[in-house]
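Okay, structure first, notes after.
The values are calculated or read from the model by the stated rules, or taken from the named source; none is laboratory data. Everything numeric here is computed off the predicted structure, so don't read it as measured data. Neighbour counts run over all protein chains shown; Cβ positions are idealised from the backbone, glycine included. These accessible areas exclude ligands, DNA and RNA; they are computed on the full protein's heavy atoms, side chains included. Shrake-Rupley method; radii C 1.70, N 1.55, O 1.52, S 1.80 Å.
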Amino acid sequence: MAVKQSTFSGDLKSERAVNEFLQKYLYSRLVDKGIIATFNSDTTDDQQHNGIDTIVYIFNADKTVNQNGINIDEKTALHYAKTNLMDKSLPTFAFEISYLKDGKLKIGWLTNEKYAGTKVYFLCWLWIKENANKYALSCDDILKIEVMSIHKKVIRDNLIKRALGRVDIKVFEKSSVILRNKMSNKRVKRLELKQKLEPLINALDEVEEHENAAQMGIYPEKSNRLSYPQWVLSSSDALNEAPLNIVVEKDELVNLASSHWVITPNSFIVKKSVSKK
């Protein structure tokens with residue numbers, strides 16, 4: 001029997017290990033190269049609960065340090081960590097729209113006002129030692145991390161506009177709850193984001209049987225027939241929180257990212273970078 005995983009309780013140690021790795025092999029190197037002035041990963045409990053893992057400080061035009069730090073939320077595709085350095089990373093990344101906690105539906109981190117202070121996501125794909133427990137990692141267990149820096153507003157507004165035709169966070173949140181409920185009721189796990197929310201919700205109303213979904217271009221079990229981005233609803237049998245995510249292809253994220261690195265303890269590869277201030 002498959003063991004349920006939680007995106008909360010089992011991951012905190014691994015998230016700290018990722019942060020430690022980034023401090024040692026990314027942030028410190030960015031300081032050495034003069035890309036950033038300094039950084040602070042000793043954030044308070046309140047800051048961490050609000051999605052702020054690290055605060056980065058950059059230079060002003062006159063080379064003084066800008067005291068208005070940039071709040072970074074480090075997001076890791078932990079459940080899909082690779083154990084062979086020859087393996088390619090997961091070709092997608094998931095952005096959380098909603099989830100269950102203690103049986104109650106909660107707004108996910110992409111639009112939740114609780115995380116309003118977050119300015120930039122560091123999206124992380126991991127390679128770890130073969131015998132490492134991905135849900136209880138130490139820094140030494142991590143072999144390599146691929147990191148993309150992407151502004152929260154850029155990816156959030158991009159996805160909302162594609163789903164609604166305009167940027168309206170509150171309407172997006174309300175409509176995504178309706179979509180989630182209908183996907184659950186119809187046992188549909190995946191839908192294409194290119195179909196706007198209102199007609200997509202209406203289409204689900206017309207699907208009377210799970211087997212008839214394909215007639216409307218809805219293939220719950222055959223994601224290879226769908227184009228990305230996709231709405232993906234996880235079963236509570238697999239993940240306790242049963243998150244509703246929007247899953248985006250990595251290649252698209254590269255185009256939206258401001259910086260892109262591949263880092264190991266002994267190497268630092270810059271795949272895309274903003275200009276040094």
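Some observations on this one:
- Rounded to the nearest 10 degrees, the inclination of helix 12-22 to the longest alpha-carbon principal axis of the chain is 50 degrees.
- Using the Cβ-Cβ distance between Leu85 and Ser28 with R0 set to 25 Å, the FRET efficiency works out to roughly 0.65.
- Here Tyr228 sits with roughly 70 square angstrom of accessible surface, probe radius 1.4 Å.
- Percent of beta bridges antiparallel (DSSP, the chain, rounded to nearest 5): 85
- Mean-square fluctuations from a GNM of the chain, with a 10 angstrom spring cutoff on Cα atoms, peak among Val65, Val247, Val232 at Val65.
- Just checking the listed ones, Trp109, Trp231, Trp125: in the Gaussian network model of the chain with Cα springs under 10 Å, the one fluctuating most is Trp109.
- Ligands, DNA and RNA left out, the 1.4 Å accessible surface of the chain is 47% carbon and sulfur atoms.
- Using Cβ point charges alone (K and R +1, D and E -1), the dipole size of the chain about the Cα centre works out to roughly 620 debye.
- Using alpha-carbon coordinates, inclination of helix 169-185 to the longest axis of the chain, degrees: 50
- Dipole size of region 96-139 about its Cα centre, with +1 on Lys/Arg Cβ and -1 on Asp/Glu Cβ: approximately 80 debye, rounded to the nearest 20.
- Relative contact order of the chain, defined on C-alpha pairs under 8 angstrom at six or more residues apart (%): 21
- Pair Asn66, Phe268: separation of 7 Å Cα→Cβ label points (nm): 2.0
- Proximal lysines relative to Lys114, as straight alpha-carbon distance under 23 Å, when same-chain residues fewer than 8 apart are discounted: Lys13, Lys75, Lys101, Lys104, Lys106, Lys152, Lys153, Lys161, Lys170, Lys174
- Taking Leu244, Leu90, Leu123 as the candidate residues, the one with maximal mean-square fluctuation in a Gaussian network model of the chain, Cα springs under 10 Å, is Leu90.
- Per residue value of the accessible surface for the chain (all protein chains in place, 1.4 Å probe), Å²: 52
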